[in-house]
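What follows is a short report on a single structure.
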Amino acid sequence: MRRLLLITGVMALVLGAASVLQAKEITVRGKLQKTVEAGGWLIVNDGGKYLILNAKNFQNHAWFKESTGVEAVGETKDVMTTYMEGTPFEAKSMQPVDQAVATPGRDDNRRVTRVMVGGDSIVKAQPDTAILTISVVTQGRRAIDAQQENAAKTDAVVRALKSAAGAGAEVKTSGYSLQPQRMYKEGQPPTITGYEARNSVTITTGELNKVGNIIDAAAEAGSNDISGIAFTLRQDRQARDQALSEATKEAMNKARVVATALGGRVVRVVEVQEEGFRPPIPIYQTEALMAKRDVSTPIEIGSLEITSRVQLIAEVEPG
């Protein structure tokens with residue numbers, strides 16, 4: 001039995017020595033890529049994939065990230081991994097290499113320059129929604145007097161608004177207050193001389209051609225305060241897409257101008273980010289809408305502005 005163990009040990013020693021003799025250093029060049037292996041990284045090139053067994057030895061370097069071109073010296077290993085994605089490879093050394101060098105057909109002495117540019121765009125669009133705030137203000141010596149008169153007038157105004165605006169409009173109460181009116185005299189405490197009740201109703205409608213009639217109906221029914229009209233854009237997707245597209249085109253044109261000035265050309269776009277989108281600012285009309293008119297209140301609707309900004313990073317290759 002001891003003799004059998006001795007022979008087995010010698011055979012294992014010989015096989016181990018043979019494996020050492022067969023181990024050979026190789027140089028692998030390619031791009032870093034994450035893998036499905038837990039915490040795993042690959043070096044990927046046209047020849048295949050190499051699974052870095054000791055990636056943690058290099059992950060503290062700032063250049064160790066996806067898509068970085070690297071050159072590694074090490075040995076392939078005959079080991080089993082969970083998913084067996086790529087040839088197991090233990091790197092003894094690794095360093096980043098310029099991406100332009102690893103691209104077939106390029107001069108090894110060439111380098112690319114990265115440029116960062118921004119593009120802005122302003123798109124005009126017609127509003128599709130009108131928002132009106134209409135109020136009824138009443139005053140009385142007693143709080144109950146101001147309140148009851150306000151309730152009666154507001155009820156009439158709401159009925160008139162719903163009739164003029166139609167079934168598609170939204171009519172809702174947006175504010176109510178009952179405040180004492182005070183008189184101030186020097187050296188004396190203020191005295192309450194009466195009360196003021198205010199009930200505000202907001203109307204939202206997509207039928208912009210009805211806005212003038214809505215104002216007239218409110219005034220005839222008893223409303224005595226219209227704080228203004230806001231025109232806005234609810235369905236803004238098309239305008240936003242157009243603004244983003246034009247901002248991106250402007251950024252790309254700037255990148256080409258910079259490349260031409262440097263005597264080269266844009267070879268690829270590395271990154272594009274939408275820096276910001278500013279929603280359309282509502283248009284307000286605040287002229288004296290409550291003035292007595294013999295004709296329907298005229299309403300002129302302007303255009304809204306939708307603003308977009310894009311930042312683009314491109315690689316420029318010298319000519």
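The values are calculated or read from the model by the stated rules, or taken from the named source; none is laboratory data. Keep in mind that this is a model prediction, so the values were computed, not measured. With ideal geometry, Cβ positions are generated from the backbone for all residues, glycine too; neighbour counts draw on all protein chains shown.
Which pairs do you get when a residue that is under 26 Å from LEU178 (Cβ atoms), found in segment 195-224, comes within reach of a residue that is of a type in the set (Asp, Glu), reach meaning Cβ atoms under 6 angstrom, with the pair 6+ apart or on two chains?
The qualifying pairs are THR204/GLU170.
If you go through segment 50-75, how many residues are over 33 Å from the mean Cα position of the chain (by Cα) and buried (at least 16 other Cβ atoms within 10 Å of the Cβ)?
Initial filter on segment 50-75 (over 33 Å from the mean Cα position of the chain (by Cα)): 50-58, 70-75.
Now restrict to residues that are buried (at least 16 other Cβ atoms within 10 Å of the Cβ): 50-53, 55, 58, 70-72, 74.
Result for segment 50-75: 10.
Being part of a strand (DSSP E or B), at pLDDT below 90 and touching a Phe, Trp or Tyr at 6+ places or on another chain (Cβ under 9 Å) narrows it down to one of GLN59, GLN33, so name that one.
The unique qualifying residue is GLN33.
Every residue in segment 160-206 that is more than 24 Å from GLN147 (Cα to Cα), more than 38 Å from the chain's Cα centre (by Cα) and of a type in the set (Asp, Glu), please.
Passing the criteria: only GLU186.
Could you run through segment 124-148 and say how many residues are under 26 Å from the mean Cα position of the chain (by Cα), among the polar types (S, T, N, Q) and assigned to a strand (DSSP E or B)?
Summing the residues that are under 26 Å from the mean Cα position of the chain (by Cα), among the polar types (S, T, N, Q) and assigned to a strand (DSSP E or B) in segment 124-148 gives 1.
Could you say which residue among ILE313, ILE306, ILE283 is at pLDDT below 85 and farther than 28 Å from GLN139 by Cα?
So the residue among ILE313, ILE306, ILE283 that is at pLDDT below 85 and farther than 28 Å from GLN139 by Cα is ILE283.
In the list ALA197, ALA243, ALA221, ALA217, which residue meets the criterion of being buried (at least 18 other Cβ atoms within 10 Å of the Cβ) and over 27 Å from GLY175 (Cβ atoms)?
Answer to the selection: ALA243.
Being surrounded by fewer than 15 Cβ atoms within 10 Å (Cβ to Cβ), within 16 Å of LEU132 (Cα to Cα) and not polar (S, T, N, Q) narrows it down to one of GLY175, GLY187, so name that one.
The conditions single out GLY175.
Does LYS153 fit the bill of being part of a helix (DSSP H, G or I) and either at pLDDT 90 or above or surrounded by fewer than 14 Cβ atoms within 10 Å (Cβ to Cβ) (or both)? Step through it out loud before you land on a result.
Values: part of a helix (DSSP H, G or I): yes; either at pLDDT 90 or above or surrounded by fewer than 14 Cβ atoms within 10 Å (Cβ to Cβ) (or both): yes.
Yes: the conditions hold for LYS153.
Looking at VAL136, is it surrounded by 14 or more Cβ atoms within 10 Å (Cβ to Cβ), at pLDDT 95 or above and touching a Ser or Thr at 6+ places or on another chain (Cβ under 9 Å)?
Spelling it out, VAL136 is indeed surrounded by 14 or more Cβ atoms within 10 Å (Cβ to Cβ), at pLDDT 95 or above and touching a Ser or Thr at 6+ places or on another chain (Cβ under 9 Å).
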